[in-house]
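So the structure is just underneath, and the comments pick up after that.
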Amino acid sequence: MPEMTTVYDVLENETLKEWATFMSSEYWLGLKEATWSDAAIDCLSKGAKLVEIESSAEDNFILTLAMELTRNVWLGGTDMTVEGKWVWQSTGTLFSYSAWDTARGQPNNYANQDCLSLYRPYGLTWVVLLSTDKMAHGTREDWQAGKSVIECNKYMFLNQLYCDVTFRVGMKEIKAHKYVLASRSNVFEAMLFGRLSETSDVIPIPDIEPGIFNAMLRFLYFEEAEINEDSVTGILSAADMYGITELVNKCQTFLETQITEDSINYILELASLYNMHELFQKCQNVIYESLFVSRKVFESQSFLDLSKDCLRELVKSDRLPLDEKTIFDSLLRWANARCSTEKEKVDPLELRQILGDLLFHIRFPVMSFASFNKDIVPMKICAGYGPPYRRTPNIRVDLYTGMDHHEVIKLNGGCVAWRLAC
């Protein structure tokens, strides 16, 4: 059966009943008065669609038909969904052919015009026409009737309908609806309706990229979270900043799927920074359950980026399968990376101050005496304390050589004394 399309006069009241044939399609001239949406509906009732011109030959044929009409003629093109993105209404596909009246600046967005027509005053060239009030009512019924609140919010946000607040994010302005934002975030509620609410016409949003801010708004409006490796850190930061717990949880769920021996330090730090305890524990379990993974984590370059709080939680556990010498060397490497001096030989006092209570979680007593005496003592980080060390952790090590047996006594919480017995 040949494809049926319709050329539709937007103002006349007569009806031309005959179909005209071009190539493999049939065309019908609808002359009764109609808005663009009503014309599209009428075409559907006839098993047809508003004409979608795909070649210059078809364009010339349609112009010949349109010459029989007296006013403007609707075609099936629109940019209702995305401003400036012109598609054919029946398929949503972009134009492969166009004949815009570029000499008159077409297409434009004057007064929110969004419907394609052949414009009689300009010689039936391609021109965008303004939606009429009647058409606007029909469109509202289409996107509201039978739709959920989320579906309606999505339509209003994507089509920028009835927006009442504007944000400047970087160099871009993003419009939204106060009631939606305030209903989903207590931070937005305080910003927009609190005692110290913003009064400017355009509210600046610092420290967030436009794409991240827009992704956060999309979640608030219709709970779509477009989270990937590139966006998760920014979205997590924004969600935490604006108190959007559900989006934080979405980020946590995504990060759980990304845990590998190469990414675990980064995810561990994010979990610590944003108090995602379950995610932190899952990272710990991965480290503690494999000697290979734990060794790779502690020897990696990313280990140097971990915070002190994060390290403390890692090394204090009895489940960590690494030997104390490896833990000590890794912590020493971490401290060296934070030293302010550029000297070849770092001051032990500075290292000790940086390590602080992390030293208390290294189980020196489980090391052999020979290893401790050979590997740890020369570092002078655990040296006896005196006036220079009054502001550092009190770690005293008394070594008595020449004995085969020893006992270990813990003093004052972190103070460790080695006392060899006969």
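Is it the case that residue 186 is closer than 30 Å to residue 256 by Cβ and out of contact with any helix residue (DSSP H, G or I) (no Cβ under 8 Å at 6 or more places or on another chain)? Judged against the criteria, residue 186 is a match.
β-branched (Val, Ile, Thr) and touching a Lys or Arg at 6+ places or on another chain (Cβ under 8 Å) - does that describe any residue in region 219-227? Please lay out each step first, then the result.
Step one: list which residues in region 219-227 are β-branched (Val, Ile, Thr), which gives 227.
Cutting the leftovers down to touching a Lys or Arg at 6+ places or on another chain (Cβ under 8 Å) gives us 227.
Within region 219-227, one or more residues are β-branched (Val, Ile, Thr) and touching a Lys or Arg at 6+ places or on another chain (Cβ under 8 Å).
Inside region 316-331, can you point out the residues that are of a type in the set (Ser, Thr, Tyr) and within 37 Å of the chain's Cα centre (by Cα)?
Residues of region 316-331 of a type in the set (Ser, Thr, Tyr): 317, 326, 330.
Within region 316-331, 317, 330 qualify.
Of all residues in region 292-318, exactly one satisfies the criterion of being surrounded by 14 or more Cβ atoms within 10 Å (Cβ to Cβ) and out of contact with any helix residue (DSSP H, G or I) (no Cβ under 8 Å at 6 or more places or on another chain), namely 296.
Residue 258 satisfies every condition listed in (1) closer than 19 Å to residue 361 by Cα; (2) part of a loop (DSSP other than H, G, I, E, B) except (1). When region 290-317 is filtered for residues that are farther than 20 Å from residue 376 by Cβ and assigned to a loop (DSSP other than H, G, I, E, B), the ones remaining, listed by number, are 290, 300, 301, 306, 307, 317.
Take the conditions in a helix (DSSP H, G or I), without any contact (Cβ under 8 Å) to a residue 40 or more places away in the chain, touching a strand residue (DSSP E or B) at 6+ places or on another chain (Cβ under 9 Å) and closer than 26 Å to residue 160 by Cα and apply them to residue 39. Does it pass? Reasoning before the result, please.
On the way: in a helix (DSSP H, G or I): yes; without any contact (Cβ under 8 Å) to a residue 40 or more places away in the chain: yes; touching a strand residue (DSSP E or B) at 6+ places or on another chain (Cβ under 9 Å): yes; closer than 26 Å to residue 160 by Cα: yes.
Spelling it out, residue 39 is indeed in a helix (DSSP H, G or I), without any contact (Cβ under 8 Å) to a residue 40 or more places away in the chain, touching a strand residue (DSSP E or B) at 6+ places or on another chain (Cβ under 9 Å) and closer than 26 Å to residue 160 by Cα.
Name the residues in region 325-367 that are of a type in the set (Ser, Thr, Tyr) and modelled with pLDDT of 80 or more, would you?
Taking region 325-367 as the starting set, the residues that turn out to be of a type in the set (Ser, Thr, Tyr) are 326, 330, 340-341.
Correct list: 326, 330.
Counting residues in region 104-112 that are outside any loop (DSSP other than H, G, I, E, B) and in contact (Cβ under 8 Å) with a residue 24 or more places away in the chain gives zero.
The values are calculated or read from the model by the stated rules, or taken from the named source; none is laboratory data. What you see is a predicted model; the values in this text were computed from it and never measured. Virtual Cβ from ideal backbone geometry, glycine too; neighbours counted across all protein chains shown.
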